[in-house]
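Data block below; observations after.
Just so it is clear, none of the values below were taken in a lab; they were calculated from the coordinates. Note that the structure is predicted; figures quoted are calculated from it, not measured. We place every Cβ from the backbone using ideal geometry, glycine too, and count neighbours over all the protein chains shown.
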Amino acid sequence: MKLIASLILAAALTAGCGESAGGASPRPPDATIDFGGPERTMLTGSYCWSTVTSSVCGDSGDPSRMPGLPRLRVTPGTAGRIHLGFDPSSVKLSVDGAPVAAGTGRTVAFVPDRSGVLEIFLEDGDSDVSYYARLILAGPPR
């Protein structure tokens, strides 16, 4: 009986070391972006993501060099929306490092003012994640 209790305790203690009890590491949910047309899945960057039983971190490189970075052509003045799978407590949005005003909540609204790599950095309790897309502003302003 002591052996079984020890094994259960060991399993519970190691569950918080990067893997959940089911063996799969937690990952942040996908984020999508749209400008009034079809939604595109954003590229997930660096993150530290926690659940009740586990936590894991992953680092990414320079987003402009990451394969799979979605490219979106946007008419200047067009509002964009980023759709999230959670309610962040903090939202920071930038394009090529320059801050962009943005809303909060599961759907983050914003109007980009330049072309470049869009980054949204989000925090929620012990978790944080960055998502990326490349914006190309082209056409007459709205």
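If the segment from residue 65 to residue 40 were pulled out straight at 0.36 nm per residue, it would be longer than the present Cα-Cα gap by 7.2 nm. Spin-label pair residue 89-residue 101: with each label point 7 Å from Cα along the Cα-Cβ axis, the two points sit 2.6 nm from one another. For region 38-142, the Cβ-based charge dipole about the Cα centre amounts to some 620 debye (Lys, Arg positive; Asp, Glu negative; other atoms uncharged).
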